[in-house]
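Here, each number is a calculation from the coordinates, and none is a lab measurement. Keep in mind that this is a model prediction, so the values were computed, not measured. In this analysis, Cβ positions are derived from the backbone assuming ideal geometry, glycine residues included, and neighbour counts consider all displayed protein chains.
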Amino acid sequence: MPQAEQSRMLWFACGLMGGLLVSYFWPHEIALADVDRDSEAKFAMVISSTGPTGGDAVFVLDFLTGRLFGASLNPQLAKFNQFYARNVLPDFALTPDIKPRFVLSSGRLNISTSGGARKQPAQDGIYIAELNSGRVIVYAFPFAITTRAESTETLTIVDGFQFRQPSE
């Protein structure tokens, strides 16, 4: 093998090893996907994780009625078998003459209940902000992997905060 070709191969091997060493020791960043959500003028939809062994849940907020409705997908059955509902208008203390302006998202809760609760809260919660009231409220929903169809359960308020003064 000619001297020039050996030299090129040596430089190639050194570059390859150097690149592998740099990539091994370079700080790694975890890539996280954005929350799956979409909205239209009269409703919004968000996908929420139920936990590491469960499937996802989908929630739809009807802006006209203030009704939040959701269902979780059982990964073993490939069917929706747990359902959730709540009228969120009273939670924001809105009067009937005020047109609500909602924003909907989901995010990690990682909370647990103590005692003999039949179901733990799902890993994610549903976050709703309303502009007129100036409030953000987070809702939890119970989840347990089950093969039978469940009756509709009510979402519960975890907490909330005021981000601006209510509109008069």
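Here K99 is the anchor, and the lysines within straight C-alpha reach of less than 18 Å, apart from those fewer than 8 places off in the same chain, are K42.
Relative protection proxy for 148-161, 53-66, from highest mean packing down: 53-66, 148-161 (other beta-carbon atoms within 10 angstrom). Charge dipole of the chain (Cα centre as origin; +1 on each Lys and Arg Cβ, -1 on each Asp and Glu Cβ, all else neutral): 280 debye, rounded to the nearest 20.
A crude spin-label estimate for the pair A144 and M9, with each label 7 Å from Cα along the Cβ direction, gives 6.6 nm. Within the chain, the percentage of alpha carbon pairs spaced more than 29 angstrom apart rounds to 39%.
Note on A85 and R108: their simple-model spin labels are 3.3 nm apart, each label 7 Å out from Cα toward Cβ. In this rough spin-label picture, where each label sits 7 Å from Cα along the Cβ direction, the D38-I157 distance is 3.2 nm. Multiplying the residue separation of M17 and I98 by 0.36 nm and subtracting their alpha-carbon distance yields 22.6 nm.
Expressed as an acute angle from 0 to 90° and rounded to the nearest 10, what is the orientation of the C-alpha long axis of helix 3-25 relative to the principal long axis of the chain? Between the helix axis and the principal axis of the chain, the angle is about 30 degrees.
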